[in-house]
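In what follows, a single structure is set out as structure tokens and then discussed.
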Amino acid sequence: MGKAEKKDRTLTLAEVAHELRQPLTGIRTSAELLLESHGDDPAVRTRAAAIVQQVQRIQLLVERARQKGPPLRGARGDVNQAIEAAWSLLERDAASQGAVLERNLAPEVAGVRLDQVALEQILVNLLRNALEAMAGKRGRIRVSTAPLAGAVEVIVEDDGPGVRDDLRPRLFSPFTTGRAAGTGLGLHISRSLAEEAGGALDLLENAPGARFRLRLPVAP
């Protein structure tokens, strides 16, 4: 990929981020108006509140993409909480294919040096990859957390076929994917976020499924 093409991609992403602001604001406003007018209906209240919450999340993701760089001073994220939030976005799709999440979460892990939105973004990408790796089949995704010296470790593994040998060397490069419908950006973005925080994201050897390790430094 030449410099001109890379520049064009960057400009396009910036333009998309800018153009997303208006429709997102419209969606959020409509949901908030729905809450005001039908707040006494539990079903409407639950769904409208969920829409507002997810729009807020997208807005934060867009803003973070525009301000790419190290985490803000004082950024702090809860790994266990991020896993639950990320899985809640995928749980319906997982249930439809009979996939389940096995949790082995350390009860007390320190906050990490990454804001909650970015942390959830990494976990959504890892869990979605694991779910899609099983190609619509029943299976298990296992996630564990553990405290380390000055860091927190997260392991995500699945019952899929694993990562092809030809993809391993460039797995975290942008636009690398083994799926026809994949964008090849999830792992690249996730590793970038981890490294900006002083952490790391790696693919570990594991057969037959894939096994990823995320390490993030503890927040001061």
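Listed values, structure above:
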| quantity | calculated |
| --- | --- |
| Computed E for Arg168/Glu36 - FRET, C-beta separation, R0 35 angstrom, nearest 0.05 | 0.10 |
| Highest-first arrangement of 124-131, 154-161, where packing means the average Cβ count within 10 Å | 124-131, 154-161 |
| Cα-based shape type of the range 79-217, given that a ≥ b ≥ c are square roots of the gyration tensor eigenvalues and the cut on a/c is 1.5 | oblate |
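Read the figures in this text as sums done on the coordinates, not as results from a lab. This structure is a prediction, so every number in the text was calculated from the model and none was measured. Reconstructed Cβ throughout: ideal geometry from the backbone, glycine too, with neighbour counts over all protein chains shown.
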